[in-house]
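I have placed the structure first, in the form of structure tokens, so that the comments after it can refer back to it.
The values are calculated or read from the model by the stated rules, or taken from the named source; none is laboratory data. Computed from a prediction, not measured in an experiment: that's the story for all the values here. Ideal geometry is used to build each Cβ from the backbone, glycine not excepted, and the neighbour counts take in all protein chains shown. Surface accessibility is based on the protein's heavy atoms, side chains included, excluding ligands, DNA and RNA. Shrake-Rupley method; radii C 1.70, N 1.55, O 1.52, S 1.80 Å.
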Amino acid sequence: MEKYCFEISEALEGERIDKCLSLLIDSLSRSFIQKMVKESGVTVNDKVVKGSYRVKTEDRVSFLLPPAQEPDIRAEDIPLNILYEDKDVIVINKPKGMVVHPAAGHYSGTLVNALMYHCGKDLSGINGCLRPGIVHRIDMDTTGSIIACKNDRAHNCIAEQLKEHSITRKYHAICYGILHEDGSIDKPIGRHPSERKKMWVNEKNGKHAVTHYHVLKQLGNYTYLECELETGRTHQIRVHLASMGHPLLGDALYGPNRKAPFVLQGQTLHAKILGFRHPTTSEYVEVDAPLPDYFRHLLEILS
């Protein structure tokens with residue numbers, strides 16, 4: 001077991017113990033921490049505390065983290081919309097609502113489960129048992145192109161292209177408000193200081209992030225955009241457009257508090273174009289994922 005020990009700073013004074021620990025340890029979910037507290041696994045100043053305990057400055061918090069158990073990730077016969085495939089890579093048009101890889105409490109129905117069935121053992125192992133073949137991710141409610149690798153050589157090649165920002169990644173999006181001209185957003189992005197699921201523009205400690213956008217069409221009170229990633233930070237397009245006052249239509253995390261005037265499942269964001277240098281031939285390969293039905297229907301309504 002791994003032992004964690006913390007001394008509470010003045011900035012966390014008054015926080016519930018479960019929230020406090022979730023802020024201090026980004027790798028543990030708040031639900032996991034709540035379960036651990038409930039099972040008397042957390043002490044403050046050497047005394048077991050309940051979940052309602054609110055920490056004080058200089059409290060000494062400690063607990064033992066049980067060893068991780070390797071989950072049984074199973075292959076599942078889930079249909080895949082394959083845009084491109086050969087012996088090295090496979091490019092999928094991911095549907096809305098599909099998680100890319102398993103995580104705590106979510107071990108089935110993911111893209112990885114589907115890839116394991118389709119590809120068998122022909123998936124790269126660099127990212128471990130939870131993410132075989134996975135080189136990059138797109139959000140659960142973002143649709144479109146995602147590439148997976150069938151061997152470690154291909155994985156290293158694609159990962160290097162992602163690192164050097166040489167992969168073409170163009171997204172189609174609908175945002176609130178009217179944008180009249182093309183532009184670029186160059187703002188660093190980091191983890192939100194108090195909301196674990198959110199990212200935000202952090203000028204001091206954020207990572208370099210650049211998004212280029214091209215206005216495709218103005219749609220009444222909305223704008224239809226093509227966004228090209230120069231970098232690939234978590235939630236990058238969503239955070240960047242929200243920082244300009246133009247959040248994505250349907251984005252419950254970064255959008256306005258009011259309900260979207262359409263029946264939507266998450267943000268209107270689609271990874272349309274994906275281009276890369278092939279790991280074996282070095283030739284440039286580009287795939288174009290057709291817009292999903294909900295997106296095309298929305299464009300028809302707004303036009």
remark   = For segment 96-175, dividing by residue count, accessible area per residue (probe 1.4 Å) in Å² works out to 40
query = How large is the charge dipole for segment 232-303, taken about the Cα centre, if only the Cβ atoms of Lys, Arg (+1) and Asp, Glu (-1) carry charge, to the nearest 20 debye?
reply = 340
query = What list of ³J(HN,Hα) values in whole Hz, one per residue of segment 199-206 in order, does the Karplus curve 6.51 cos²θ - 1.76 cosθ + 1.60 (θ = phi - 60°) give from phi, with Gly and Pro shown as x?
reply = 10, 7, 6, 10, 5, 8, 10, x
key: Cβ crowding within 10 Å averaged over residues, with 90-103, 33-46, 113-126 ranked highest first   = 90-103, 113-126, 33-46
task = Please list 11-24, 250-263 highest first by mean number of surrounding beta-carbon atoms within 10 Å per residue.
result = 11-24, 250-263
message = Tell me the volume per residue, in Å³, of the convex hull enclosing the alpha carbons of the chain.
response = 153
ask   = Taking segment 156-223 as the region of interest, what is the percent of Cα-Cα pairs per 5 angstrom bin, listed from the shortest bin to the one with the maximum distance?
value = 4, 13, 15, 17, 20, 18, 10, 3, 0
ask   = Considering only protein heavy atoms and a 1.4 Å probe, what is the carbon-and-sulfur percentage of the accessible area of segment 52-137?
value = 50
message = Using Cα-Cα distances under 8 Å and only pairs 6 or more residues apart, what relative contact order does the chain have, in percent?
response = 14
key: Extreme residue, positive dipole direction of the chain, given options L274, L264, H235 (C-beta unit charges)   = L264
ask   = Which of the listed residues, G120, G97, G51, is farthest toward the dipole's positive end in segment 1-157, when Lys, Arg count +1 and Asp, Glu count -1 at the beta-carbon?
value = G51
message = Place a point 7 Å from the Cα of H297 along the Cα-to-Cβ direction; which residues of segment 239-275 have their backbone N under 11 Å from it?
response = 263-265
request  = Determine the dipole magnitude for the chain: charges of +1 sit on the beta-carbon of Lys and Arg, -1 on that of Asp and Glu, nothing else is charged, the reference point is the Cα centre, and the result goes in debye to the nearest 20.
outcome  = 800
request  = With only Lys, Arg, Asp and Glu charged, each at its Cβ (+1 for the first two, -1 for the last two), find how big the charge dipole of segment 34-135 is about the Cα centre; round to the nearest 20 debye.
outcome  = 620
note = The correct pair for segment 186-303, radius of gyration to one decimal and Dmax as a whole number, both in Å and from Cα atoms, is 16.0, 50
note = Charge dipole of segment 99-223 built from unit charges on the beta carbon (Lys, Arg +1; Asp, Glu -1), centred at mean Cα; most positive-end Cα among T168, S194, N221 is S194
query = Extension gain N81-E2, at 0.36 nm per residue separation less the Cα-Cα distance, in nm?
reply = 24.2 nm
